Amino acid sequence: MNVTHYIGFDVHKKVIAYCVKTADGQIVEEGTLPARREALREWAGARTQPWQGAMEATLFSAWIYDTLKPYATALHMAHPAKLKAIGCAKKKSDKLDARTISDLERCNLLPACYVLAPEMRDLRRLLRYRNLVVRESVRMQNKIAGLLMECGAPFDKHKLHGKKYFAQLLRTLQEVPAAVKDLLQMSRGAMEMFESVQKQLIRRLLAQPALQPRVERLASIPGVGPITALTWALETGDPHRFPSIGDAISYCGLTAAFRSSAGKEQRGPISKQRNAWLQTCLIEAAKVAPCWNPQLAALHAKELEYGHKNRATLEVARKLVAYLLAVDKSGQTFQLRLPSRVETTPETTKKRKTAATPAWSKKVTAALRQATAA
């Protein structure tokens, strides 16, 4: 079916501005729609011409994308960091933004981004919510220690968050106001609640049939645990969308920014254009992975010789990405491939030395032999 109309959507929380254009750029229709599923389905179902559309990736774009996709021949979501034509425009409005997106779509210049499947997107939302719960749990732990330090109460920081030790500590606290004890008990209760919630979320994710075999394969890599495997699986989606290891490393935010102009090249700090969830998880995993993986431990020790701990950690994280991508693409458990040993004989050794010797060295050696003989 030939596409006759190209539609750009400028999405917002309450309204959606749209612009319909033909292949030659003529505006067919413009307007706004209420940001409701019923209104979108009614509007899309009433269209008589085949169309393809595009929208910018925002907080509200996912459900709009899922609602309109069955009605379009093709629907794309634009990468917000690469959609500079809208943000840098001199005049900016919802109508003009919709026109710009429509033009980019019909000219095949839209910087489209990867859209995760709805069922995987729901699971990823659970995992990201678990990260929020873990952060809140750590905040409660820090608050407990802070309250004790404010009152000058001595405690063992290594045992503070143990259930028995904390209960005993509350009973033996002296010269501590009753209000502080109440705050300590409330903080402890909140911490236990957050820890219980995050464990429930992890059990729920690990029990998903769509994730279980994939997570088991990824966890077969020494140094990769269930959290790292879940984060990789849910944040990357389809691993085959990365044509090379370098692209995956760049997506994870483990490469430096690169600028080249007029023959001058400049490397900056780690780029901010990355998947922050994957970056944080991989860097944290790279700090403990050498304890479980001899190959990663050797790599970390080699990079540590240069005297920079953070660079050594980043190098381990990059190697983890290579392992994860290889296992995920192959669909097999992790297998370490050692270099095959080749039997050496005097003849093969002589051939290697001859092949490795440059031509100018051979000429010099022959001239020296002739001079010695003379």
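Could you give the Stokes-Einstein D for region 22-163 in µm² per second, using the C-alpha Kirkwood radius, 10 °C, 1.306 mPa s?
83
Convert 37 °C to kelvin, take the viscosity as 0.692 mPa s, use the Kirkwood radius over C-alpha pairs of the chain as Rh, and evaluate the Stokes-Einstein diffusion coefficient in µm²/s, rounded to a whole number.
So the translational diffusion coefficient is about 125 µm²/s.
Determine Rg/Rh for region 119-206; Rg is computed over alpha-carbon atoms and Rh is the Kirkwood hydrodynamic estimate from the same atoms.
1.10
Need the full-extension length gain, N142 to R311, defined as separation in residues times 0.36 nm minus the C-alpha distance. One decimal, nm.
Full extension from N142 to R311 adds 58.0 nm.
Can you give me the span-like helices of the chain, meaning DSSP H runs with 27 Å or more of Cα extent along the axis and Kyte-Doolittle mean at or above 0.0?
Membrane-span-like by this criterion, though nothing is claimed about a membrane: 178-206, 309-330.
For n ≥ 4 DSSP H runs only, could you compute -39500 (n - 2.57) per run for the chain, divide by its residues and tell me the 222 nm figure to the nearest 500?
When only DSSP H runs of four or more count, the value is -17500 deg cm²/dmol.
Taking the number of other C-beta atoms within 10 Å as the exposure measure, put D24, D238, D97 in order starting with the fewest.
Least to most surrounded, the residues fall as D24, D238, D97.
If amide hydrogens are placed 1.01 Å from N in the peptide plane, which non-local residues have theirs closer than 5 Å to the one on I16?
L33, A35
Using 0.36 nm per residue, how much length does the chain from A326 to R41 gain when fully extended, once their Cα-Cα distance is taken away?
Separation in residues times 0.36 nm, less the Cα-Cα distance, equals 98.5 nm.
Hey, what did the chain get for relative contact order, percent, Cα under 8 Å, at least 6 apart?
Reported relative contact order: 11 percent.
Mind checking the full-extension length gain between A297 and D182? Use 0.36 nm per residue of separation minus the Cα-Cα distance, one decimal, nm.
Computed gain between A297 and D182 is 36.8 nm.
Could you line up M193, M77, M140, M149 from fewest to most neighbouring Cβ atoms inside 10 Å?
Ascending number of Cβ neighbours within 10 Å: M149, M193, M140, M77.
Can you give me the P(r) profile for region 212-330? Cα pairs, bins 10 angstrom wide beginning at 0, each as a whole percent.
Going from the shortest bin to the longest, the percentages are 13, 44, 32, 9, 1, 0.
Evaluate the relative contact order of region 162-299 (contact order divided by residue number), counting alpha-carbon pairs under 8 angstrom at least 6 apart; express in whole percent.
Details: 88 pairs, mean separation 25.1, N = 138.
18 percent.
Could you list V15, V3 in order of exposure, starting from the residue whose Cβ has the fewest other Cβ atoms within 10 Å?
Taking fewest neighbouring Cβ atoms as first place, the list is V15, V3.
Please identify, among P70, P118, P226, the residue showing maximal mean-square fluctuation in a Gaussian network model of the chain using a 10 angstrom Cα cutoff.
The residue with the greatest mean-square fluctuation here is P70.
Values quoted throughout were computed directly from the atomic coordinates according to the rules given, and no laboratory measurement underlies them. Owing to the predicted nature of the structure, the values given are computational and were not obtained by experimental measurement. Note that each Cβ is placed from the backbone with ideal geometry, even for glycine, and that neighbours are counted across all protein chains shown.
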